[in-house]
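Have a look at the structure below before the remarks.
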Amino acid sequence: MVIGIIGGSGIYEVEGLENPQWVSIDSPFGAPSDSLLIGHLNGIKMVFLPRHGRGHAQSPSSINYRANIDILKRAGVTDIVSMSACGSFREEMAPGDFVIIDQFIDRTFAREKSFFGPGCVAHVSVAHPTCTRLGQACFNAAKEQGVNVHMGGTYLAMEGPQFSTLAESKLYREVWGCDVIGMTNMPEAKLAREAEICYASVAMITDYDSWHPDHGEVDVTNIIKTLMGNANNAKELITRLPKLLNKDRPVCTQGCDRALEFAILTQVNARNPKIIAKLDAVAGRVLK
């Protein structure tokens, strides 16, 4: 068990790690958001990556999601917990609440969404894009610390960086039935599946987007205030995970860690050696 934490807005470090070190790892997919903070917590190795970089230098669209997942895989990460700020489409999912996401609708369009392509074609299933075992651990950790947490929800991933129009917000809420909206979990979740890493998403609600008649458009000042409180709760949640996850990690019953078993379609003699070399970490298990 090696737990990877991807910290969203307001989460740029993890406190309490034993022998923490910032380690730079190169990726053949380009520059990641930042170095990795690596240490141990209650006997389990933990690897932290600030999604936007320290100082919040990367926007949702400029993040190199492929490089981020690639270096986490190279660091030995088996399970990723994604923490991200989100808007809510549900009255009962209020600012300050956490939601354990189990579905996504991907509306992003300006990002590289796969490690695979010409020279090595693969198709993985993301019908169930998050890991139930890992999500349950996050739910239990939030419950333990007294956070109001909801199990299950659909996350609408928008391109950004602007927030939704009122018409978009109503469409996503009333017609598509989404529960929260954010800018960063896609293609992150898809890439984690391609890398055979279990993935759980903790959506930390900061606002009601623009649909709510009593709140109007998104107020950035209020978002930042709520975001900082959420960040403190997220850090506490992270510290509770090691005792809820056995360091002798079981095989994933959903098959997240075997997603590439029958996914690669390109025959061996038709594979591009340069592409295969880039996939040494992500797909090394099945390409050997």
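Nothing in this text is a laboratory measurement; each read-out follows from the coordinates by a stated rule. None of the values given here were measured: they were computed from a predicted structure. So basically every Cβ, Gly included, is an ideal-geometry build from the backbone, and we count neighbours across all protein chains shown.
If you plug the beta carbon distance of Lys247 and Lys288 into 1/(1 + (r/R0)^6) with R0 = 25 Å, you get a FRET efficiency near 0.45.
Neighbour counts of other Cβ atoms within 10 Å put Leu72, Leu265 in the fewest-to-most order Leu265, Leu72. Summarising the strand pairing of the chain, around 35 percent of its internal DSSP beta bridges are antiparallel.
What shape does region 129-288 have by the C-alpha gyration tensor, where a ≥ b ≥ c are the square roots of the eigenvalues, rounded means a/c under 1.5, and otherwise prolate means a/b greater than b/c and oblate the rest? Note, shape of region 129-288 comes out oblate.
The string of couplings for region 133-146 from the Karplus curve (6.51, -1.76, 1.60, θ = phi - 60°) is 4, 6, x, 5, 5, 5, 4, 5, 5, 5, 4, 4, 8, x Hz, one whole number per residue in order, with x for Gly and Pro. Each Lys and Arg contributes +1 and each Asp and Glu -1, all at the Cβ; summed about the Cα centre of region 137-280, the dipole is approximately 660 debye. Can you bin region 10-90 into rounded, prolate or oblate? Criterion: square roots of the alpha carbon gyration tensor eigenvalues sorted a ≥ b ≥ c, rounded for a/c under 1.5, prolate for a/b above b/c, oblate for the rest. Oblate, since a/c reaches 1.5 and b/c is not below a/b. Our helix-only sum for the chain, with -39,500 (n - 2.57) per DSSP H run of n ≥ 4 divided by its residues, gives a mean residue ellipticity at 222 nm of -7000 deg cm²/dmol. Amide H contacts for Gly96 (H built 1.01 Å from N in the peptide plane; partners 5 or more residues away or on another chain; cut-off under 5 Å): Ile205, Thr206. Taking amide hydrogens as placed 1.01 Å from N in the peptide plane, the amide H of Phe104 sits under 5 Å from those of Tyr155, each at least 5 positions away in sequence or on another chain.
If only the Cβ of Lys and Arg carry +1 and only the Cβ of Asp and Glu carry -1, the dipole of the chain around its Cα centre is close to 1120 debye. Here region 96-145 is assigned +1 on the Cβ of each Lys and Arg and -1 on the Cβ of each Asp and Glu. Its dipole about the Cα centre then comes out at about 120 debye. Checking the cross-link pairs Lys45/Lys278; Lys170/Lys235; Lys190/Lys288; Lys235/Lys288; Lys243/Lys288; Lys73/Lys225 against a 28 Å limit on the alpha carbon distance flags Lys170/Lys235; Lys235/Lys288; Lys243/Lys288; Lys73/Lys225 as lying beyond it. Suppose R0 equals 22 Å. What FRET efficiency, 1/(1 + (r/R0)^6) with r the Cβ-Cβ distance, do Leu166 and Ala110 give to the nearest 0.05? Between Leu166 and Ala110 the formula returns 0.45. If you take all other residues with their beta carbon under 10 Å from the beta carbon of Ala263, and give Lys and Arg +1 and Asp and Glu -1, the sum is -1.
Considering only Met228, Phe104, Thr132, the residue lying farthest towards the positive end of the dipole of the chain is Thr132, judged by Cα position with unit charges set on Cβ. Loop-located trypsin sites (Lys or Arg not before Pro) across region 10-86 with a Cβ neighbour count of 14 or fewer within 10 Å are Arg54, with loop assigned by DSSP. Can you tell me the length gained on complete extension of the stretch Asn148 to Trp22, counting 0.36 nm per residue apart and subtracting the Cα distance? Extra length available between Asn148 and Trp22 comes to 42.1 nm.
Per 0.36 nm of contour for each residue apart, how much would the distance between Val121 and His56 grow if the chain were fully extended, relative to their Cα-Cα spacing?
Here the segment from Val121 to His56 would lengthen by 20.0 nm.
Note: relative contact order over region 171-288, using C-alpha pairs below 8 Å and six or more positions apart, is 30 percent. Restricting region 60-129 to chymotrypsin sites (Phe, Trp or Tyr not before Pro) that sit in a DSSP loop and have at most 14 other Cβ atoms within 10 Å of their own Cβ leaves Phe109. Close amide-amide hydrogen proximity is noted between Lys45 and Ile3, each under 5 Å apart and 5 or more residues distant or on a separate chain (H modeled in the peptide plane; Pro and chain starts excluded).
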